Amino acid sequence: MTTKNLFDLTGRTALITGSTRGLGRAIALGLGAAGAALVINGRDPEKTRAAAQDMRDAGLTVRAAAFDVTDEAAVEALFRDLDAEGIEIDILVNNAGIQHRQPMVELSLADWQRVIDTNLTSAFLMGREAARRMIPRGHGKVINIGSLTSELARATVIPYTVAKGGIRLLTKGMAAEWTPHGIQANAIGPGYMLTEMNAALTSDPQFDAWVKGRTPAGRWGRPDELVGTAVYLASDASSYVSGQLIFVDGGMISVL
Ligand code: GCO
């Protein structure tokens, strides 16, 4: 196999949760450009349909899948539908996530649970269904989207921090149980990226200055800067890599 082919995803199908916008959309476009057929997801049917059409207009093979990744029955139904359509998921990217910025002493249980369910439990629900099908096939890729907060806490985003910390260990758990079956489970830890979710931060001059000062690269990251790592972890190039969390953060996690 040539080095170029190592990263070729032709003939593979990737399901990316939360891929109508932001990091998920960028990762989906990147995996598609590497040859993968795509199943893209969002909660809103119209936004998911529109995003899928945009990607088709760009020449990609795309199936829209609008469902709530926190709803166990909806996740199970989605995979049953894919089974019925003969669509086998080779690559699962657990990207769906929300943010909620509030000090813990003011935080409601409902908001805590909502963040944990969306950012962590969904990865379990999606991973379980995908692995049930990957294990008999003897191969598969799971890529979970973590965060700098998979390692370090930031005040006012503790449910997110806890969920992303859980993603780090869930990834190791998936590796422990599924690598023996030919599946590699890894995670990507994005740094401070230019996304809608971070709009309140990028528009705050003080926070913007902090990110630029705290990051060796001296800037926010672009969503497309995750694509190389995503293609690597989705491809044969990472066939002996499992349980890892790779930070794509301009060096932020590595410096004081
Ligand atoms: C925040 C941000 C972060 C980033 C990212 C950093 O409020 O601190 O939303 O959580 O999005 O997760 O890695």
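Could you state the orientation-averaged shadow area of the convex hull built on the Cα atoms of region 96-245, in nm² to one decimal? Working shown, then result.
Working: hull surface 37.8 nm².
Spelled out: convex hull of the Cα atoms, projected over all directions, averaged, 9.4 nm².
When a footprinting reagent is the concern and you count Cβ atoms within 10 Å, what order do E46, E88 take, fewest first? Spell out each step's value before the answer.
Working: E46 11, E88 14.
Ranking E46, E88 by Cβ neighbours within 10 Å, fewest first, gives E46, E88.
Quick one: grab the alpha carbon gyration tensor of region 217-256, order the square roots of its eigenvalues as a ≥ b ≥ c, and give me rounded if a/c is under 1.5, else prolate or oblate depending on whether a/b is larger than b/c.
Values: a/c = 4.15, a/b = 1.66, b/c = 2.50.
Cα axes put region 217-256 in the oblate bin.
For the pairs K141/K164; K47/K212; K47/K172, flag any whose C-alpha to C-alpha distance is greater than 28 Å.
Numbers: K141/K164 19 Å; K47/K212 32 Å; K47/K172 33 Å.
Beyond 28 Å between Cα atoms: K47/K212; K47/K172.
Relative to the present Cα-Cα distance, how much length would full extension add between M197 and R133 at 0.36 nm per residue of separation?
Numbers: separation 64, 0.36 × 64 = 23.04 nm, distance 3.23 nm.
Here the answer is 19.8 nm.
Are there DSSP H segments in the chain that both extend 24 Å or more along their axis (alpha-carbon positions) and score a mean Kyte-Doolittle hydropathy of at least -0.5? List them, or say none. Working shown, then result.
Details: long enough: 158-178 (29 Å, 0.28).
Within the chain the helices that satisfy the rule are 158-178.
How much length is gained if the chain between A73 and T2 is pulled fully straight, taking 0.36 nm per residue apart and subtracting their Cα-Cα distance, in nm to one decimal? Intermediate results must be reported in sequence, preceding the final value.
Working: separation 71, 0.36 × 71 = 25.56 nm, distance 4.23 nm.
Length gained, A73 through T2: 21.3 nm.
Hey, can you rank 138-148, 168-178 by average C-beta count inside 10 Å, highest first? Please report the intermediate quantities before stating the final value.
Details: 138-148: 23.4, 168-178: 18.6.
The most tightly packed comes first, giving 138-148, 168-178.
Mean 1/r over all different Cα pairs, inverted: what Kirkwood radius does region 124-175 give, in Å? Don't jump to the answer; show the numbers that get you there.
Details: mean 1/r = 0.0831 Å⁻¹.
When all Cα pairs of region 124-175 are included, the Kirkwood radius is 12.0 Å.
Using only alpha carbons, build the gyration tensor for region 175-252 and give me the equivalent ellipsoid semi-axes, biggest first, whole Å.
31, 11, 11
Separation between the A84 and Q53 pseudo-spin-labels, each 7 Å from Cα along Cα→Cβ, expressed in nm?
Using points 7 Å along Cα→Cβ, the separation is 2.4 nm.
With springs connecting C-alpha atoms under 10 Å apart, model the chain as a Gaussian network and identify which of S150, S238, S203 has the largest mean-square fluctuation.
Residue with maximal mean-square fluctuation among S150, S238, S203: S203.
In debye, nearest 20, what is the charge dipole magnitude of region 172-234 about its Cα centre with +1 on Lys and Arg Cβ and -1 on Asp and Glu Cβ, if you could check? Mind showing how you got there, number by number?
Numbers: 5 positive and 6 negative charges, 42 e Å.
Computed charge dipole of region 172-234: roughly 200 debye.
Largest first, please: the extent of the C-alpha atoms of region 51-176 along each principal axis, to the nearest Å.
Here the spans come out as 48, 36, 27 Å, largest first.
Nearest 20 debye, what's the magnitude of the dipole of the chain about its Cα centre given +1 on Lys and Arg Cβ and -1 on Asp and Glu Cβ?
On the way: 25 positive and 27 negative charges, 100 e Å.
The dipole of the chain has a size of about 480 debye.
Which log10 I(q)/I(0) values, to two decimals, does the chain give at q = 0.09, 0.13 Å⁻¹ under the Debye formula with one point per Cα?
So the normalised log intensities are -0.37, -0.79.
Provide, in order from the shortest bin, the percent of all Cα-Cα pairs of region 2-96 in each 10 Å bin, continuing until the bin that contains the maximum pair distance.
18, 52, 26, 4, 0
To the nearest 0.05, what FRET efficiency results for Q206 and E46 with a Förster distance of 35 Å applied to their C-beta separation? Don't jump to the answer; show the numbers that get you there.
On the way: r = 37 Å, r/R0 = 1.05.
About 0.45, to the nearest 0.05.
Quick note: the coordinates plus some simple rules give every number you see, no bench work behind them. This is a predicted model, so every value here is computed, not measured. Here Cβ is always computed from backbone atoms with ideal geometry, including for glycine, and neighbour counts include all displayed protein chains.
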